[in-house]
1. Do we have Gln22 as open to solvent by 90 Å² or more (accessible area, probe 1.4 Å) and modelled with pLDDT under 85 here?
2. (1) at pLDDT below 70; (2) surrounded by 10 or more Cβ atoms within 10 Å (Cβ to Cβ); (3) in a loop (DSSP other than H, G, I, E, B): which one isn't true of Cys3, the others all being true?
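The values are calculated or read from the model by the stated rules, or taken from the named source; none is laboratory data. Just so it is clear, the structure is predicted and the values come from calculations on it, not from any experiment. Virtual Cβ from ideal backbone geometry, glycine too; neighbours counted across all protein chains shown. When the accessible area is computed, the model is the full protein with side chains, heavy atoms only, and any ligands, DNA or RNA have been set aside. Shrake-Rupley method; radii C 1.70, N 1.55, O 1.52, S 1.80 Å.
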Amino acid sequence: MVCILQDRRLYSACYPARTSNQRSATPMKISGQRALITGIPLREVTTPEQFANAALFFASPWARAVTGQNLVVDGGLVRD
């Protein structure tokens, strides 16, 4: 994602984890959903709207001092 803010280019990226949506290519069984949610610290699967909100942050004036960052939007699922 490249945002141009007042003639400056800011380079940052957002990465989604598994998101909940009705078009999932491989719908999960209820037992699989429970197992996935149990492993997520926030105990919910990220929605497309939550991911979009994170991406909008990088495109907003609030991110004018942020560049070169990678934001994983996953509720804490991915850990170092």
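1. Values: open to solvent by 90 Å² or more (accessible area, probe 1.4 Å): yes; modelled with pLDDT under 85: yes.
Considered against the rule, which asks whether it is open to solvent by 90 Å² or more (accessible area, probe 1.4 Å) and modelled with pLDDT under 85, Gln22 comes out as yes.
2. Every listed condition holds for Cys3 apart from (3).
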